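Quick notes on the structure that follows.
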Amino acid sequence: MGLITEIDYGTPESKTGKQVTLTVDGKTVTVPEGTSIMRAAMEGGVEIPKLCATDMLDSFGSCRVCLVEIEGRNGTPASCTTQVGEGMVVHTVSERLDTIRRGVMELYVSDHPTGWGENAGTGASEFDRMAEKIGLSENRFGVEGRNHVVAEDAAAGGGVAPGEGALTIDYMVKDESNPYFTYDPSQCIVCSRCVRACADVQGTFALTIEGRGFESRMVASMNEDFVDSECVSCGACVQACPTDALREKAVLEKGMPERSVVTTCAYCGVGCNFKAEVKGDEVIRMMPYKDGKSNHGHSCVKGRFAYGYATHSDRILSPMLREKITDPWREVTWEEALAHTAKEFRRIQHQYGRGSIGGITSSRCTDEETYLVQKLVRQGFGNNNVDTCARVCHSPTGYGLNTTLGTSAGTQDFDSVEETDVMLLIGANPTDAHPVFASRMKKRLREGARIIVIDPRRTDLVRSPHIEAAYHLPIKPGTNVAILTGLAHVIVTEKLYDEAYIRSYCEWDAFEDWAEFVSDPRYSPEETAKVCGVDAETIRQAARLYAAGGNGAIFYGLGVTEHSQGSTAVMGLANLAMATGNIGRNGVGVNPLRGQNNVQGSCDMGSFPHEFPGYRHVATDSVRKIYEDLWGVALDKEPGLRIPNMLDAAVDGTFRGIYIQGEDILQSDPDTTHVAAGLAAMECVVVHDLFLNETARYAHVFLPGSTFLEKDGTFINAERRINLVHKVIEPKARYADWEATQELARALGLDWNYTHPSEIMDEIAATTPTFSGVTFDLLEREGSVQWPCNEKAPLGTPVMHINGIVRGKGNFVRTEYVATDEKVGPRFPLLLTTGRILSQYNVGAQTRRTGNVAWHAEDMLEIHPHDAEDRGIRNGDWVRLSSRSNETTLRALVTDRVAPGVVYTTFHHPETQANVVTTDYTDWATSCPEFKVTAVQIAPSNGPSEWQREYDELTAMSRRIARVEAAE
Amino acid sequence: MSPDKLIYQANQIATFFKSKPHAEGVTGVADHINKFWEPRIRRQFFAMIEGGNEGFDPLVVEAAANVRRPSPEEKPAA
Ligand code: SF4
Ligand code: SF4
Ligand code: FES
């Protein structure tokens, strides 16, 4: 396959219904009203030259190379800013137009020395192509402009810098500070595409055009280096730049890619589609794919640039074994590793019983891979001991939405936000965790929608350029249920609920019961305010706005689910949406923002110990029968062990072996010491991953994993969208992860013969009602679909609960607030809450192995100035962070983003081990750990704690690999 | 798992169902345990309930009658 070049229509699509017909260079074209002449022409196959226009951005009309002639009109209007009209006759080529365009282009070239000529830049930019298309053959103005060096000098690797006697007084040196792209101001033609991309698409407003005449060009922030500026490195400007002024370093170093493969980002739950552009077998760059239905051509720094981990030297490419976890690793063949694992698993089951082993699926792997791991456990191990780290993340969503709405599905697609009037954002920080969707939210907010933010921290959606939340409720960590019930109180007592909706679509009795419950004076704004530490009047205002402000959409994240009352809070959100009739159409709904790329998919694929794929309980005979018939074995009807239970059982001695695919439970699960004790008690721990992760310290078998670039399959994003993952390069360690699991199954005696993941999807479709219409062919054809996808919805379901709630009638559930048992007291007076930041991902195993460390070299502890001063802590000081469980040290960042009494950190770096201080309290319904609230104390410190130093030594010890020949 | 943790988790479930009408609460707790607790944990649960049910919320004790008894411990082939 060659390089995919997407057509640039020059201006965005017009969404109006009415059609207009015109002729362009004799061709008849019909387009929606409001379309530009430029776009209409391109749709008719006529490309009009352009420099300042591109279809990701509204037209600007500054470059004047896109001029056309329209019969019956004077002059030469710009085709990018002129709309089509019925019966219009347009000419895009003529003597006059050629002359004007050549004149304009010649001026540009004179101010753009290195962009014109064979050896300059990549020689493949849009600018170079336009110069050629326009037929530019001379430059009478010279290239000695005051802002650039002479072309020959530049080609020779240098130029004359200002102050060296040259006339290039406005010359600015190249900015190479960003790890992924360079900015060469002398090549800038001031088309402002980058500035507009940063503002309109990304919503960050980091770039501006500065100066006039020769001095004028784009600058980042207040003329700062890119890396120090407000730039978030999303790449939109680089993508938009028609010259090589902004260009990926990889392209400049290695040359233009030769072929591309469309695939899906493996970082977060937005699920952006990219073109992986490759030269030889090396990925040169990732370009956001405009047809991607979740990202529409946008990206963030992780998906766009941070793929270097795939080729990082830390990757382990050979299977390894060791007798004891204190031994050094020994490299072995796949055959030996698999045979050993199979033998050990069978021995353990023989000795300790069928339930003594289990498996963990990964929300980073594909649906097909997850499906195989749970199948291996149920069919091969004969039990239901399969779980996933999504437990630490989104199981309360499943439970909460299922109880109220009858399905665990998030209700909307991302595009739905375009019709939202009021956003209620709680416990999520999308600008960091779901950046591409955050850009959509910001765009809608700039169009006039309003936002209510419930979060202990002042996140970017509370206040940032062009964003100001209508209300910010900085609640005390752990009081979500109280605030939601408080909002409900206002809605019910002020009769702001939608009675007609409730009567038609919900259980009226349940509503009445719930209404009576929330109306109790103990949930009044005044009482709620006391519990949550916020202002009563603001609660009232916020409730009124959500209930009566038009289409209200709820967005929530880990800040809701990672609590001892996570499931209850999710029900509280669903209650609010149903009560206000904000369900079942565009612009509304209850939208979980899922963390990792395939959290949704791994849950859908039966990763939980009580459920088969499609959320069907293992005790249901009819469902078990489907799989028993297909797999030819009797299946266990008892629920299996959850991850925390597995660890408990390991300590008790009844659980001895585990197969962990693509997860690092030691680092991502709470209470590190407990996890370590459980792992240490096992006899065969198999880690299947890219790197020797933290969990691998306790492993006996290591199976090398494959990255998303090395496999075919599907990921399912936060909007239930099934996205295709395409193999870009061959697996570096011989097997894609699904193949490795299949080999393990075979070693255990199972007769598995999948030759391609599409066959696994066929099996999923054949056995799971919500997936029955899904095939790889369909996905190739449609790009992606959202489940449910079956006879009733052959092309999938963007919005759920249209014309009725899935459950039949919506169920209102009482949500009694119960304070967490993790309480502050004299010894631990502060509340710690955790989160993540943009440039790093989850436990950071991948992003720490890329240039992204430029932005986040370590985890910092955010402390309010008041708390810092009380303890004599200054910005940048080492502080000791201690809780009832343990202590760690990290550096302080003094900021008023957090409220007094609250401290905040991320957990991207293993050295910090923020999880050693978190508790092992869990959500009552789903055992989802309470990451978000821990009572702590802080004090100045001199550096890393004893524990951290010991840990470092241990890590080094446990990573020794004895390089012996594999096949002895 | 440690007895304390088991009691704690059972009581946590009871806390949620307490705001329901009583009968519904009892079935709610039992259903929840049946649906999500692996036999080993239910076995331990029964042992503790029968051994004097100390520390358990009354709702849990009441619900215990409706919790499914796991089949006796599987004896590993010698
Ligand atoms: S840097 Fe590129 S996109 Fe930005 S103004 Fe200059 S030429 Fe245009
Ligand atoms: S990390 Fe998320 S938002 Fe960023 S490119 Fe990947 S899928 Fe898109
Ligand atoms: S493309 Fe129309 S004015 Fe630049």
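Readers should treat all values here as calculations from the given coordinates under stated rules, not as data from a laboratory. Not measured: the values here are computed from a predicted model. Here the Cβ positions follow ideal geometry from the backbone for every residue, glycine too, while neighbour counts run over all protein chains shown.
Using alpha carbons only, how many degrees (0 to 90, rounded to 10) separate the axis of helix A:536-548 from the longest principal axis of chain A? Here the helix axis deviates by roughly 70 degrees. For A:ILE863, the residues 5 or more places off, or on other chains, whose built amide H falls under 5 Å of its own are A:LEU893, A:VAL894, A:THR895.
Scoring A:436-443, A:652-659 by mean Cβ neighbours within 10 Å over their residues and listing the highest first yields A:436-443, A:652-659.
Three principal axis extents describe the C-alpha atoms of the stretch A:559-649; from largest down they are 48, 34, 25 Å.
With respect to chain A, whose longest principal axis is taken over its alpha-carbon atoms, helix A:643-652 is tilted by about 40°.
Count Lys and Arg as plus one, Asp and Glu as minus one, and take only other residues whose Cβ is under 13 Å from that of A:ARG285; the net charge is then +2. Distance between the modelled labels on A:ASP652 and A:SER504, one decimal in nanometres: 5.1 nm (7 Å Cα→Cβ projection). Between A:GLU516 and A:GLU335, the FRET efficiency estimated from the beta carbon spacing at R0 = 45 angstrom works out to 0.10.
Extension gain, A:THR311-A:GLU418: 0.36 nm per intervening residue step, less the Cα-Cα distance, totals 34.7 nm. For the stretch A:190-341, the normalised intensity computed at q = 0.20, 0.21 Å⁻¹ comes to -1.25, -1.32 (log10 of I(q)/I(0), Debye sum over alpha carbons, equal scatterers, no solvent).
Going by a ≥ b ≥ c, the root eigenvalues of the Cα gyration tensor, does the stretch A:300-452 fall in the rounded group (a/c under 1.5), the prolate group (a/b larger than b/c) or the oblate group? Oblate.
Taking only the alpha carbons of chain B, we obtain Rg and Dmax values of 12.8, 49 Å in that order.
Once the chain from A:GLU230 to A:GLU6 is taken as fully extended at 0.36 nm per residue, the excess over their C-alpha distance is 77.7 nm. Here the stretch A:450-521 is described by how far its Cα atoms reach on the three principal axes: 45, 25, 18 Å, from widest to narrowest. The A:ARG874 and A:LEU496 beta-carbon pair, evaluated with R₀ = 45 Å, returns a calculated FRET efficiency of approximately 0.40.
Give me P(r) over the protein assembly as shown, computed from all C-alpha to C-alpha distances, binned every 10 Å, as integer percentages. P(r) over the protein assembly as shown, rounded to whole percents: 2, 10, 19, 23, 21, 14, 7, 3, 1, 0. Per-residue extension of 0.36 nm, minus the Cα-Cα distance of A:ILE626 and A:LYS254, leaves a gain of 128.7 nm for this segment.
Peptide B:9-21 is shielded by partner chain Cβ atoms: per residue, an average of 5 of them sit within 10 Å of its Cβ. Listed values for the stretch A:674-681 are Karplus-derived 3J(HN,Hα) couplings in whole Hz (6.51 cos²θ - 1.76 cosθ + 1.60, θ = phi - 60°), namely 5, 4, 4, 4, x, 4, 5, 7, and x replaces Gly and Pro. Across the stretch A:805-811, coupling constants 3J(HN,Hα) worked out from phi with the 6.51/-1.76/1.60 Karplus curve, θ = phi - 60°, read 7, 3, 5, x, 10, x, 10 Hz, and Gly and Pro carry x. Evaluating 6.51 cos²θ - 1.76 cosθ + 1.60 at θ = phi - 60° for every residue in the stretch A:336-345, the Karplus couplings come out as 5, 4, 5, 4, 4, 4, 4, 5, 4, 4 Hz, glycine and proline recorded as x. Please name which of A:LEU690, A:PHE655, A:VAL623 has its Cα lying farthest along the dipole of the stretch A:620-700 towards the positive end, using unit charges on Cβ (Lys, Arg +1; Asp, Glu -1) and the Cα centre as origin. Checking the options against the dipole of the stretch A:620-700, the answer is A:VAL623.
For the modelled label position 7 Å from the Cα of A:GLN351 along Cα-to-Cβ, which residues of the stretch A:686-729 have backbone nitrogen atoms closer than 19 Å? The answer is A:686-687, A:698-702, whose backbone nitrogens lie closer than 19 Å to the label point. At q = 0.13, 0.23 Å⁻¹, what base-10 log of I(q)/I(0) does the Debye formula yield for the stretch A:235-298 when every alpha carbon is treated as an equal point scatterer in vacuo? Debye intensities relative to I(0), on a log10 scale: -0.36, -1.02.
Neighbour counting of Cβ atoms within 10 Å sorts the residues A:MET957, A:MET800, fewest neighbours leading, into A:MET957, A:MET800.
What do you get for Rg/Rh of the stretch A:19-134 when both radii come from the Cα atoms and Rh is the Kirkwood radius?
Rg divided by Rh gives 1.00.
Between the beta carbons of A:SER221 and A:GLU468, assuming R0 = 22 Å, the FRET efficiency works out to 0.60 to the nearest 0.05. Here is the list for the stretch A:377-447: GluC sites (Glu not before Pro) lying in DSSP coil, each with at most 14 other C-beta atoms within 10 angstrom of its C-beta, are A:GLU447. Computed over the Cα atoms of the stretch A:480-606, the ratio of the radius of gyration to the Kirkwood radius (Rg/Rh) comes to 0.98.
When the listed pairs A:LYS50/A:LYS302; A:LYS18/A:LYS792; A:LYS302/A:LYS711 are checked against a 25 Å cut-off, the alpha-carbon distance exceeds it for A:LYS50/A:LYS302; A:LYS18/A:LYS792. Rounded, prolate or oblate, given the Cα gyration tensor of the stretch A:479-534, with a/c below 1.5 counting as rounded? It is prolate, given that a/c is not under 1.5 and a/b is the larger ratio. Between A:THR955 and B:ARG68, the modelled labels are 4.4 nm apart [label points 7 Å from Cα along Cα→Cβ]. Of the residues B:PHE46, B:PHE16, B:PHE56, the one that moves most in a GNM of chain B with alpha-carbon contacts below 10 Å is B:PHE16.
Modelled label positions at A:VAL93 and A:VAL806, each set 7 Å beyond Cα in the direction of Cβ, lie 5.5 nm from each other. For GluC sites (Glu not before Pro), the sites in the stretch A:476-560 that DSSP calls loop and that have at most 14 other Cβ atoms within 10 Å are A:GLU494. Relative to the Cα centre, the charge distribution of the protein assembly as shown, modelled as +1 at Lys and Arg Cβ and -1 at Asp and Glu Cβ, gives a dipole magnitude of about 1060 debye.
By how many degrees, between 0 and 90 and to the nearest 10, does the Cα long axis of helix A:757-767 differ from the longest principal axis of chain A? In chain A, helix A:757-767 runs at an angle near 60 degrees to the longest axis.
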